[in-house]
Amino acid sequence: MGSFKNILPPQPHFLSGYGGFVPGYKSSYGQSYGKLTHNLFFDKTVKRSNVPVLSDLNKVYDDTVCTPEEEDSINKRCENNLSCKYTTDIMPGYNGYVPQYIFLCGNNYTANATQGIKHFMKIQNACSCSECEQKRGRSVKFDKKILDVEAGAPKNVNKYTHPFKKDLEAEKLFKKKYKSTLPIPPTDTTYFLENRNPHKKFMAGYTGHVPKLIFEFGQSYTPATKDALNIFTEEYVKHKSTLLL
């Protein structure tokens, strides 16, 4: 009886499931992944790097893209700006917009994002038109206003005690004031409601069929379903009237 080792691919080879680049693999076939990659290791016609890994693991990777002075200027920009998100330590996975980021490649996310912010600041500071000056002035005034509001806000405004007591008078006043203005839920199917009905729409996440929705674009899901249903109802009524003639 033969040994189990005889059916295993010889060493060295890549394990099945390896998703990295293998030189010469795309033009080779007819064997298992392990045997094929083993043969490619010793195939002299295949060009490959002189090291097993394309990047030198012994070398410390330097992802510095700006000087310490530039890093300080970027970070100081956000010291008094409560809505500022553009710093030198943007974490990978941030899905928001980063200026100039789409034009950069070759580094990790944080390095490219920092370099994009640096370019953005240079462009912003180089602009001296009246519109840019007004934008910068409004930004500073807005941030100061937020800081002043937070500084002057009372520390504790909660006057409730436990256990909570239901305020019946306030509930009556609320019902009296808002009961007549609350929209009435629809009793008919959504497809055939009147076009002016506020309920004639579908919430985002609805996976059912919405007629005419495929022809709507350029807006979010809920307004698109409202427009599509309006068109569907108009065409339905028009087609129904022609059949009755």
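Things to note:
- Long pairs among LYS176/LYS200; LYS176/LYS226; LYS85/LYS118; LYS177/LYS200, criterion Cα-Cα beyond 23 Å: LYS176/LYS200; LYS176/LYS226; LYS177/LYS200
- Protection proxy ranking, peptides 201-207, 107-113, 68-74, average beta carbon neighbours within 10 Å, highest first: 107-113, 68-74, 201-207
Throughout, read-outs are computed from the coordinates displayed, never taken from laboratory work. Model, not experiment: these values are computed from the prediction. A quick note on method: Cβ atoms are made from the backbone with ideal geometry, for glycine too, and the neighbour counts reach across all protein chains shown.
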